[in-house]
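Taking it in order: structure first as structure tokens, then the write-up.
What follows is calculated from the coordinates using simple rules that are stated; it is not laboratory data. If you're wondering where the values come from, they're calculated on a predicted model, not measured in any experiment. Counting neighbours? That spans all protein chains shown, and the Cβs are built from the backbone with ideal geometry, glycine included.
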Amino acid sequence: MRGKGPILIVTHDYPDPDALAAACALQHLILVKTNQEATIAFGGAVNRSENRVMVRELEIRFVSLAEIDLKTFNVICMVDTQPGTGNNSLPSDCPIDLVIDHHPLQGLTEASRWVDVRPDYGASATILFEYLKTQGGKLATKLATILFYAIASETQNLGRDWNRADREAYLSLVPLSNNRILHEITRPKSPRAYFSCFASGLRNARIYHDLLVFNLYDIEYPEIVAEIADFLLQIEGVKIILGIGRYGGEGVLSMRTSSPDLHAGKLIQSIVAGLGTAGGHGMTAGGQIRPMPASLADQQAVEKRLVERLLDQLKLLWVEPETLIAN
Ligand SMILES: [Mn+2]
């Protein structure tokens, strides 16, 4: 990259802490090695309260992908996502120079010059941590805190989809991180509208055997589906969650399971086939339905189709669902 001119780092839309941390770490590495300030960009926004505090407290700088002219960049990097996955807003014909990710390898990625995809890793932040470690030098507190929070939140403190490298990175980052900021990030204040959305998720939740499905219909921001899915996985007797919402004319799907053998990433791909894009890891996955119809009845029809496919994949018979809480 040295001497090539302006560098862009793209991550997935509505980035989570892992995507932001991987982008910041790559930006730092590029600065140290080439003395150039790379630009971080993505589609959508950062909405989840925890992530907003993280961006503010750790001074993460980024721009909206919609507002930049791609032609002004000579080098394009991608982290925590890959070309053609459907969860980033880079045009699919845009050549990518570097891809670093921990999701399963995509065919289009292989055209890039630097490809480092490690699906066995719990976090993209762990991969970038290894790059920084190899370069030597001390990690500044802010960057260490960003990386630590990314690994902690992505793996739920080494509880899901983690490997030995994640554990090593996590442990070496503990003494370097700012614990006051970490506390502020993990205990953020949220607007009242967030709690209404939670309440509608709880009221809507229906249980088929050990599968729980909830539909939030039109939502104010897409990240809320994954957050409620994480929360509902704590219900006794529930092994798998499918969360649904609608945002910007698209369906937002989130899948969570407490049994990695079910492989959420493969399951969600099989139920979304022909309706949109999806992917993920053993215990967490996400997807997009394109388009998601606007009327309530049509959204319910899409949901019914997804549930039927999912029950089929899980080899479960159709049953009348039970509601989670009495209405
Ligand atoms: Mn990630």
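Descriptive notes on the structure:
- In order through region 289-296: 3J(HN,Hα) via Karplus (6.51 cos²θ - 1.76 cosθ + 1.60), integer Hz, x for Gly, Pro: 9, 10, x, 9, x, 7, 6, 4
- Max-minus-min Cα coordinates of the chain on each principal axis give 62, 43, 36 Å, with the largest extent listed first.
- Percent antiparallel among DSSP beta bridges (both partners in the chain, rounded to 5): 50 percent
- ³J(HN,Hα), Karplus 6.51/-1.76/1.60, whole Hz, each residue of region 33-39, x for Gly, Pro: 8, 10, 6, 10, 8, 6, 9
- Taking every Cα-Cα distance in region 32-99 and sorting them into 10 Å bins starting at zero, the pair-distance distribution P(r) comes out as 17, 48, 31, 4 percent.
- For region 261-327 versus region 133-165, the gap between their alpha-carbon centres in whole angstrom: 31 Å
- Taking label points 7 Å from Cα along the Cα-to-Cβ direction, W114 and E236 give a separation of 5.2 nm.
- Dipole of the chain, positive end: most advanced residue of Y221, G136, S200 [Cβ charges, Cα centre]: G136
- Amide H to amide H distances under 5 Å link V99 with M78, W114, V115, D116, where only residues 5 or more positions off or on other chains count and H is placed in the peptide plane.
- Calculated FRET efficiency for the pair R305/R192, C-beta based, R₀ 45 Å, to 0.05: 0.85
- Loop-resident sites, region 1-107, for trypsin sites (Lys or Arg not before Pro), counting at most 16 other Cβ within 10 Å (DSSP): R2, K4, R61
- Expected 222 nm ellipticity per residue - DSSP helices of 4 or more, -39500 (n - 2.57), all of the chain, to 500: -11500 deg cm²/dmol
- Each 10 Å bin, from zero up to the one with the longest distance, holds this percent of the alpha carbon pairs of region 193-323: 14, 50, 33, 3.
- Unsatisfied cross-links (Cα-Cα over 29 Å) in the set K33/K142; K4/K138; K71/K138: K71/K138
- Simple label model, 7 Å out from Cα along Cβ direction - A326 to Q313, nm: 3.5 nm
- Of the residues V302, V99, the one with the fewest other Cβ atoms within 10 Å heads the list, and the complete ranking is V302, V99.
- Loop sites by DSSP among the GluC sites (Glu not before Pro) of the chain, restricted to those with at most 15 other Cβ atoms within 10 angstrom, leave 60-219 as the longest stretch without any of them.
- Stokes-Einstein diffusion for region 255-327 at 25 °C, viscosity 0.890 mPa s, with a Kirkwood radius from C-alpha pairs, works out to 184 µm²/s.
- What the phi angles of region 246-255 give under the Karplus curve with 6.51, -1.76 and 1.60, with θ = phi - 60°, is a coupling list of 10, 8, x, x, 10, x, 10, 10, 9, 10 Hz, glycine and proline written as x.
- Alpha-carbon Debye profile of region 37-174, log10 I(q)/I(0) at 0.09 Å⁻¹: -0.29
- Across the alpha-carbon set of region 155-219, the Rg to Rh ratio works out to 1.14, Rh being the Kirkwood radius.
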